[in-house]
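This is the structure, below, for whatever I ask next.
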Amino acid sequence: MFLYESITAMQWLMFLVVLGSLMLANEISRRSLWAAIACFAILPLGLLLFVWPNTVPGTHADTWFHYAKVYSVLIACLGFLLLRYVPRLQKNKFLLFFPALILAVNIFEAVMRDFELAGANGIVDNIMVVGGPWNYMNGVAGILNILTICGWAGIYITRDKTQDMIWPDMMWFWIIAYDLWNFAYVYNCVGASSFYAGGALLLSCTIPAFFMCKGAWLQHRAHTLAFWMMFIMVAPNFSTYSQWTVQPSYEPTALFLVSFLSLAANIAVAVYQVRVIYKRRLNPLTDELYSDHAKYQEVADPMLSKPAVTA
């Protein structure tokens, strides 16, 4: 195969198990406040005290990046819970900036790792890495992905039982550009884990965002990423050195292609966003840019008056 050496039927089955498990865990944690507190506060504390000191040292998870990622995403999950379940916080526009900020920080962590490994060739932190210009290409794509985050002021909490955090201006094309960037990052920097962390993990939040609980992509992403990062620090070798590991080809052409697609998609989103800003005379820091799109209208707050759909 082009991206990977080979994939067995059992590995495809495990892919589906990981995908289904992450989606199920996300549904459980989003439907119950107490389940979410148990998953994102009590469970990680127990893992930190009793499990991770025994499972992480000496593995590829024993790096600044993995610790930064797991703690930043747990902070995101807990912060989102506060926004979802404390009504007075939802009315504070400054606090609504928190989701955009934590998302940007999360992307920037990966951008720095891509740049860090651009000159690597061989075993780095117990995992094979083939660095090259593709790391810089994807790092630039990640920066563009940060710069095109928009419409945070329009975030609202649904008034149903689940109280989901909906971000109408986070459109499908930005999510796809993010997915391409994130897959390229994982493929570049943790290639042996990319089949699961770059495939199943991304699908576990994109599928619900497109077909189940629309508009809540960031909430889905935070939950599924938190579950994955906690699991991978419990079983670091699962996706890198086990019977379930799907080895990438490490071909420069494959590495270049995934980063090229990532960069091209994020350039396209950035160009389109600039066009929308110019055409509609909008402020990208305060305005919602895509309120005239049909997909925006599908998830817009029904309690607020919205402009007519034009696209």
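For Gly191, all conditions in the list (1) touching a Pro at 6+ places or on another chain (Cβ under 7 Å); (2) open to solvent by 10 Å² or more (accessible area, probe 1.4 Å); (3) of a type outside the set (Asp, Glu) hold save one; what is the number of the exception?
Here Gly191 meets the rest and fails (2).
Which one is farthest from Gln90 (Cα to Cα) among residues in segment 156-175 that are assigned to a loop (DSSP other than H, G, I, E, B) and either basic (Lys, Arg) or under 14 Å from the mean Cα position of the chain (by Cα) (or both)?
Here the answer is Met170.
Across segment 138-172, what is the total count of residues that are among the polar types (S, T, N, Q), more than 20 Å from His293 (Cβ to Cβ) and free of Cβ contacts under 8 Å to residues at least 24 places away in the same chain?
0
How many of the residues in segment 187-202 are part of a helix (DSSP H, G or I), within 12 Å of Val130 (Cα to Cα) and not aromatic (Phe, Trp, Tyr)?
So the count comes out to 4.
Among the residues of segment 137-147, are any out of contact with any Cys (no Cβ under 6 Å at 6 or more places or on another chain), open to solvent by 10 Å² or more (accessible area, probe 1.4 Å) and assigned to a loop (DSSP other than H, G, I, E, B)?
There is no residue in segment 137-147 that is out of contact with any Cys (no Cβ under 6 Å at 6 or more places or on another chain), open to solvent by 10 Å² or more (accessible area, probe 1.4 Å) and assigned to a loop (DSSP other than H, G, I, E, B).
For residues that are within 17 Å of Ala222 (Cα to Cα) and of a type in the set (Phe, Trp, Tyr), scanning just segment 80-96, find the one that is surrounded by the fewest Cβ atoms within 10 Å (Cβ to Cβ).
Here the residue is Tyr85.
Can you confirm whether segment 235-257 contains a residue that is in a helix (DSSP H, G or I), touching a Leu at 6+ places or on another chain (Cβ under 6 Å) and either among the hydroxyl-bearing types (Ser, Thr, Tyr) or at pLDDT 95 or above (or both)?
Yes, segment 235-257 has at least one match.
Condition first: buried (at least 23 other Cβ atoms within 10 Å of the Cβ) and polar (S, T, N, Q). Now tell me which residues in segment 194-228 satisfy that.
Ser194, Ser204, Gln219, Thr224
Within 14 Å of the chain's Cα centre (by Cα) and closer than 20 Å to Ile127 by Cα: is that true of Gly191 in this structure?
For Gly191, the condition - within 14 Å of the chain's Cα centre (by Cα) and closer than 20 Å to Ile127 by Cα - is not met.
Return a yes/no flag: does segment 58-67 have any residue that is modelled with pLDDT under 95, over 14 Å from the mean Cα position of the chain (by Cα), aliphatic (A, V, I, L, M) and assigned to a loop (DSSP other than H, G, I, E, B).
yes
Let me ask something additional. Answer yes or no: is there a residue in segment 15-23 that is hydroxyl-bearing (Ser, Thr, Tyr) and open to solvent by less than 40 Å² (accessible area, probe 1.4 Å).
Taking every residue of segment 15-23 in turn, none turns out to be hydroxyl-bearing (Ser, Thr, Tyr) and open to solvent by less than 40 Å² (accessible area, probe 1.4 Å).
Applying the selection to segment 154-176, what residues are in contact with a helix residue (DSSP H, G or I) (Cβ under 8 Å, 6 or more places away or on another chain) and over 20 Å from Ile207 (Cβ atoms)?
Ile155, Tyr156, Ile157, Lys161, Gln163, Asp169
Please state which one of Asn54, Asn106 is among the polar types (S, T, N, Q), surrounded by 18 or more Cβ atoms within 10 Å (Cβ to Cβ) and part of a helix (DSSP H, G or I).
Asn106
The values are calculated or read from the model by the stated rules, or taken from the named source; none is laboratory data. What you are looking at is a predicted structure, and each value in this text was computed from that prediction instead of being measured. Virtual Cβ from ideal backbone geometry, glycine too; neighbours counted across all protein chains shown. Note: areas computed on protein heavy atoms with side chains; ligands, DNA, RNA excluded. Shrake-Rupley method; radii C 1.70, N 1.55, O 1.52, S 1.80 Å.
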